[in-house]
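The structure appears below as structure tokens.
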Amino acid sequence: MGAFRLAAIRILIVYVTAGAGHRRAAEAIAQAAERALPSATVECRDLLDEVPAWLRRAYPATYYLLVRHFPWCWAWSFALLDRQPLYGLIQPLRRLWNDWAARRFTRALRADPPDLIVTTHFFPADVVSACKRRGGLPSPLVVVVTDLQPHRFWLGPADRIVVGTEEGFKAAVRRGAAADRLRVLGIPTAHGFRDTFDPATLQRQFGLAPERRTVLVTGGGSPVGPFEAVVEALRGLEDAMPGRLQLLVVCGYDAAVRQRVSERVRGSRMPVTVLGFIETMAQAMAVSHLIVTKAGGVTVTEALARGLPLVLYHVIPGQEQLNARYVVEHGAALLELQPLRLAQAVQRLFEQPERLEQMRVAAGALSHPDTAATIVSQVMQPLLTQARQP
């Protein structure tokens with residue numbers, strides 16, 4: 001650590017806002033780096049802030065258009081582009097496009113390189129690796145995969161690639177990643193997901209009734225799938241389980257969804273708290289007994305870090321299918337895509353507390369709550385030391 005005190009360190013962590021998970025993972029790493037390296041300058045940056053304005057709007061909009069309205073197209077594209085023949089044909093064109101889109105970003109990198117670059121999305125990973133390969137960018141690159149198994153897009157040249165599971169490690173090696181550059185450390189979560197909170201304080205904070213069990217319902221940064229129908233189905237459990245449950249519904253950035261849900265639950269006999277995007281997801285999970293969510297990699301990982309059983313209501317084809325399979329096979333989650341059957345599954349879990357406890361234990365067994373700190377100590381600090389050696 002002595003070397004780190006002699007000169008200022010600059011760490012750049014780059015993500016893309018296509019869903020909230022990539023940003024949350026970047027912020028978790030930043031928090032850990034600031035704790036471990038208090039003299040360092042740590043910057044989180046959204047690469048979409050550096051691209052043309054029309055692309056900044058189109059990039060997440062295209063993603064949500066596909067996963068909401070054309071999931072078959074997303075699944076088909078995801079699978080084909082993960083196969084070497086088509087990937088080999090497409091990647092040179094993808095590289096040209098990415099280089100053009102991020103040209104302002106790469107010019108700034110070359111003009112003032114940071115000591116280390118970390119990415120939590122495959123777009124900046126590809127841009128930075130291409131910039132390094134052309135020369136003029138000495139900064140080591142760490143790619144942190146935010147799905148439990150990596151698509152081929154994640155696995156370009158990098159000094160280190162962090163994957164979430166042993167299965168992800170094997171998949172990366174099969175796709176040509178160098179084993180000595182891979183690290184199996186989990187997906188990073190913010191420090192708060194392993195903190196201890198006072199339940200009564202959290203119940204007051206979220207306006208929850210202490211005598212009822214709390215079901216957290218969330219759809220990520222912007223809900224997809226039958227999110228509103230799931231809320232309605234769960235609210236209907238008041239008839240079957242009077243006085244026993246309440247809902248804490250987090251609608252993310254989608255103000256229209258929040259307004260519709262708020263209007264539909266007005267006057268509900270089951271208490272329902274409806275929120276938009278929140279910075280207190282760790283506290284929301286801590287006060288809840290079960291989470292109903294889609295199978296996003298970061299949300300799933302955060303729930304595991306809290307030992308919170310999951311019921312998955314939606315799976316985006318491709319990356320989320322792998323996430324869902326992993327937690328279901330390990331006993332930490334149930335998968336139920338039909339809202340009424342999902343509500344019945346939730347009812348059965350609360351009527352069988354031993355089953356809920358088994359899922360809680362399984363979730364805790366899969367968790368890696370210290371991943372962000374481990375990435376700093378086992379990946380980032382050694383690379384910084386190595387880069388500063390003469």
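Worth a mention:
- Distance between the pseudo-spin-label points of I90 and R264 (7 Å out from Cα toward the beta carbon): 3.3 nm.
- Looking at the range 1-98, the trypsin sites (Lys or Arg not before Pro) that sit in a DSSP loop and have at most 11 other Cβ atoms within 10 Å of their own Cβ are R83.
- GNM flexibility winner over the chain from M241, M380, M285 (Cα, springs under 10 Å): M241
- With both labels modelled 7 Å from their Cα along Cα-to-Cβ, the A79 to E279 distance reads 4.2 nm.
- Spread of Cα-to-Cα distances over 5 Å intervals beginning at zero, given as percent, for the range 266-356: 3, 13, 22, 23, 23, 12, 4, 1
- Highest-MSF residue in the chain out of I117, I90, I278 [GNM, Cα springs under 10 Å]: I90
- Tensor-based shape of the range 195-366 (alpha-carbon gyration tensor, a/c under 1.5 rounded, otherwise prolate or oblate): rounded
- With loop membership from DSSP and a limit of 16 other Cβ atoms within 10 Å, the longest segment of the chain without GluC sites (Glu not before Pro) is 1-210.
- When the chain is treated as a GNM with alpha-carbon contacts under 10 Å, the residue of A233, A373, A53 showing the greatest mean-square fluctuation is A53.
- Label-to-label distance, R213 versus R57, with points set 7 angstrom from Cα along the beta-carbon direction: 4.6 nm.
- Full-stretch length increase - V328, R104 - with 0.36 nm per residue and alpha-carbon distance subtracted: 76.4 nm
Values quoted throughout were computed directly from the atomic coordinates according to the rules given, and no laboratory measurement underlies them. As the structure is a prediction and not an experimental result, all values here were calculated from the model. When we count neighbours, we look across all protein chains shown, and the Cβ atoms used for this are built from the backbone with ideal geometry, even at glycine.
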